[in-house]
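Only one structure is covered here, and it is reproduced in the block below.
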Amino acid sequence: MTLSWILSYIVVSLTIVLIPGQDMLFVLTQSLTSGVKAGMKTVLGSITGTFIHTLLAAGGLSIIFQQSVLAFNILKIVGVLYLLFLAIQSFRSKTEPLSLTSTQMNTAQFFKKGFFTNLSNPKVAIFFITFLPQFVNPSLGHVGLQMFSFGMIFILETLVVFSLVVLFASYLGKRAKNNRHVQLSLKYIQGTVFGILGLKLLFTDH
């Protein structure tokens, strides 16, 4: 692959990463309400899910979700139920100082949230099986390896961009930690975002 070809992929994929989507909004709300550590754990969980999607795409398994309506709908329903569960959990949570939230809750929980939110989104699987092949050069051979390499570049871009989102959102959260009204608002904003993401996923077509 030529350098210009790789650079063109980097530009296009970075543009896609910068577009706010389900994962970015999820990371934003977790960082805003629970701080840097929780936000970074969420990011690591999310990109771990993306890594699995990359492996599936490289192995050709993601095509199952593209061709099978049943497989797509099962994964979609799992994702919807999980997001709605998180929304209800947010609404029912007690309002505590934001600076204490991330230390009191096991940070592994944030990793799991990011991981399952990403992995249970069938649109991510279809995105990788349709987006990555556009940059693959069959004449070079090793198509699976090429797709895997492009997927890893996408993951690195996501890590950088989402880390910046975490720093920005957690900074805003710290500024609001002593204002109980703001804390209460953030709790409902987080629950609303999770609910909207769940409903949006519910009404997406195959």
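A probe of 1.4 angstrom, applied to the heavy atoms of all protein chains, finds Lys41 with accessible area near 70 square angstrom. Summing charges over neighbours of Gly45, with a neighbour being any other residue whose Cβ is under 15 Å away from its Cβ, gives +3 when K and R count +1 and D and E count -1.
A 18 angstrom limit on the alpha carbon distance is what I want to check against. Which of Lys76/Lys123; Lys37/Lys76; Lys37/Lys112; Lys41/Lys123 exceed it?
Lys37/Lys76; Lys41/Lys123
Rank these by accessible area, largest first, 1.4 Å probe: Phe128, Phe111.
Phe111, Phe128
Ordered from highest to lowest accessible area with the whole protein assembly present and a 1.4 Å probe, Leu81, Leu55 read as Leu81, Leu55. Here the label points at Thr15 and Asn137, each 7 Å from Cα along the C-beta direction, are separated by 2.1 nm in the simple model. With an a/c value of 1.5 or above and a/b larger than b/c for the gyration tensor axes a ≥ b ≥ c computed over the alpha-carbon atoms, the stretch 117-178 is described as prolate. Taking other residues whose beta carbon is less than 12 angstrom from the beta carbon of Phe168, and scoring Lys, Arg as +1 and Asp, Glu as -1, yields +2.
The values are calculated or read from the model by the stated rules, or taken from the named source; none is laboratory data. Remember, it's a predicted structure, so these values are computed and weren't measured experimentally. Note that we place each Cβ from the backbone using ideal geometry, even for glycine, and neighbour counts take in every protein chain shown. Heavy atoms of the whole protein, side chains included, go into the accessibility calculation; ligands, DNA and RNA do not. Shrake-Rupley method; radii C 1.70, N 1.55, O 1.52, S 1.80 Å.
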